[in-house]
1. Which count do you get for residues in the stretch 40-94 that are in contact with a strand residue (DSSP E or B) (Cβ under 8 Å, 6 or more places away or on another chain), of a type in the set (Val, Ile, Thr) and either modelled with pLDDT under 90 or farther than 14 Å from Val12 by Cβ (or both)?
2. Phe121 is checked against (1) more than 17 Å from Val12 (Cα to Cα); (2) out of contact with any Asp or Glu (no Cβ under 9 Å at 6 or more places or on another chain); (3) part of a loop (DSSP other than H, G, I, E, B); (4) not β-branched (Val, Ile, Thr) and fails just one. What number does that condition carry?
3. Out of (1) aliphatic (A, V, I, L, M); (2) within 15 Å of Asp7 (Cβ to Cβ); (3) without any contact (Cβ under 8 Å) to a residue 24 or more places away in the chain, the odd one out for Leu49 is which?
4. Got a number for residues in the stretch 79-101 being under 17 Å from the mean Cα position of the chain (by Cα) and more than 25 Å from Arg23 (Cβ to Cβ)?
5. For the stretch 21-47: of the residues being in contact with a Pro (Cβ under 8 Å, 6 or more places away or on another chain) and under 21 Å from Glu130 (Cβ atoms), which is surrounded by the fewest Cβ atoms within 10 Å (Cβ to Cβ)?
Amino acid sequence: MNLAVIDTAVFVAGVFWRHEPHRCLKAWLRGRMTPVMTEEILAEYEAALEQARQEQHCTTDTALWMNTLRTSALWVTPVPFPDEVCRDPKDNKFVEAALGEQECYTIIARDRGLTVLAKPFGIDLYTPREWLIQQQAASINPPGRRPGSSPSLPATEDSPTGVNGILSESK
């Protein structure tokens, strides 16, 4: 299972705008990734979505996004640590959530307070673009495939070339 903790800035940008954060959320909605979630992160998402909706005068129905997240995320109990890991202590919740699930090795973040960390506790930190590139590379060269052999990726509605289409799609 491809598990990831999604930073609030990535989630909010993905809901309201159509750039790399949105393509990360589309990967989740298509079953290519499962968000790892805690109550604290969910509360921050809700507050940030409402603030952005009001400030930007967006009409997006955020309740649909939140309901989908509530039912499809992998809910974990965060693993707190005694010392601060992030420059901003409020960002510790994302690392604590990843530690709450043994199989979660990824945080997708735009927040410089998180992206400057050097693989805390073995957790990979990716910007949305880096994560999309990593996902695209994994779909072309899945583990166990011999180098030089051509991948057999079926064409999809989104991607006539068969490569997941997450990185390059403009929708």
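1. 1
2. Of (1) more than 17 Å from Val12 (Cα to Cα); (2) out of contact with any Asp or Glu (no Cβ under 9 Å at 6 or more places or on another chain); (3) part of a loop (DSSP other than H, G, I, E, B); (4) not β-branched (Val, Ile, Thr), only one is false for Phe121: (3).
3. Result: Leu49 passes all but (3).
4. Residues of the stretch 79-101 under 17 Å from the mean Cα position of the chain (by Cα): 91-101.
Still in the list and also more than 25 Å from Arg23 (Cβ to Cβ): 92, 96, 99-100.
Adding up the residues that qualify gives 4.
5. Kept after step one, since they are in contact with a Pro (Cβ under 8 Å, 6 or more places away or on another chain), are these residues of the stretch 21-47: 21, 23-24, 28, 38, 40.
Those left that are additionally under 21 Å from Glu130 (Cβ atoms): 21, 23-24, 28.
Working: Pro21: 26, Arg23: 23, Cys24: 27, Trp28: 21.
Among those that are in contact with a Pro (Cβ under 8 Å, 6 or more places away or on another chain) and under 21 Å from Glu130 (Cβ atoms), it is Trp28.
The values are calculated or read from the model by the stated rules, or taken from the named source; none is laboratory data. In this text the structure is predicted, and so the values were computed from the model without any measurement. Positions of Cβ are generated from backbone atoms using ideal geometry, with glycine treated the same way; all protein chains shown enter the neighbour counts.
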